[in-house]
Amino acid sequence: PHSVDCFPRTDGLPPFLPPGSCHVRHPHAFQAARRLGIDAPKAIVGFERTEGRFVPKHDGVVICEAFSESLLLAAEALMEEKRREQQDALVKKARGLWQVLLTALRTKETLEQRWGTGEATAAVLAAANSKKQEKKLVAEEE
């Protein structure tokens, strides 16, 4: 089967499951079971209202009790692998951002060596603006 009903009971006892099976709640249990080749249908624990429809809510898998320990170990290893992949992606992104920053700094340094510092350019612009101001004043006086 693709899924097994594991609805919570009102008397507080564990849900009714097929004999010799157990409900494993782990975010990566289904992927781990597929990797190990274990037949593991998803566990339906209720229903949710999504966009006006009621859809089944899955939480973990139902497997044979004999495989539960190995499945949990495989799921934990899968979770650690995904965490490591996320960390590697974050490091790769940070290195890319540092490379952009260093390239910009090298470009700025090259431009300053070729054309001078920004202070000299600012002084030239200020002088040009003051000449424009003088011409405006002379034109207004006439």
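Rule-based calculations on the coordinates, nothing more; no lab input. These numbers come from a predicted model, not from an experiment. Here the Cβ is made from the backbone with ideal geometry for all residues, glycine too, and neighbour counts use every protein chain on show.
Here are some notes:
- For segment 14-27, putting each phi into the Karplus relation 6.51 cos²θ - 1.76 cosθ + 1.60 with θ = phi - 60° gives couplings of x, x, 5, 10, x, x, x, 10, 9, 9, 9, 9, 8, x Hz, in residue order, rounded to whole numbers and with x for Gly and Pro.
- In this structure, the amide hydrogen of ALA43, modeled 1.01 Å from its nitrogen in the peptide plane, lies closer than 5 angstrom to those of VAL4, ASP59, GLY60, VAL61, VAL62, counting only residues at least 5 positions away or on a different chain.
- By the rule of a C-alpha distance below 29 Å, with chain neighbours fewer than 8 residues away ignored, the lysines paired with LYS92 are LYS82, LYS108.
- Sorting the segments 124-131, 75-82, 36-43 by their residues' average number of neighbouring beta-carbon atoms within 10 angstrom, most packed first, yields 36-43, 75-82, 124-131.
- Placing pseudo-labels 7 Å out from each Cα toward the beta carbon at GLU48 and PHE16 gives an inter-label distance of 2.6 nm.
- Cα pair distances of the chain binned at 10 Å [whole percent]: 10, 20, 16, 11, 8, 8, 10, 9, 6, 2, 0
- Computed extension length for GLU69-LYS108: 8.1 nm, one decimal, from 0.36 nm per residue of separation with the Cα-Cα distance subtracted.
- In order through segment 30-36: 3J(HN,Hα) via Karplus (6.51 cos²θ - 1.76 cosθ + 1.60), integer Hz, x for Gly, Pro: 5, 5, 5, 5, 5, 5, 7
- Relative contact order of the chain, pairs being alpha-carbon contacts under 8 Å that are 6 or more residues apart, as %: 20 percent
- Positive contributions from Lys and Arg (+1) and negative ones from Asp and Glu (-1), summed over other residues with Cβ under 12 Å from the Cβ of ILE44, come out at -1.
- Acute angle (nearest 10 degrees) that the helix 118-141 long axis makes with the longest principal axis of the chain, alpha-carbon atoms: 50 degrees
- Within the straight-line cut-off of under 19 Å between alpha carbons, the aspartates and glutamates reachable from LYS93 are GLU81, GLU85, sequence neighbours fewer than 8 places apart in one chain being disregarded.
- ³J(HN,Hα), Karplus 6.51/-1.76/1.60, whole Hz, each residue of segment 68-80, x for Gly, Pro: 4, 5, 5, 5, 5, 5, 5, 5, 5, 5, 5, 5, 5
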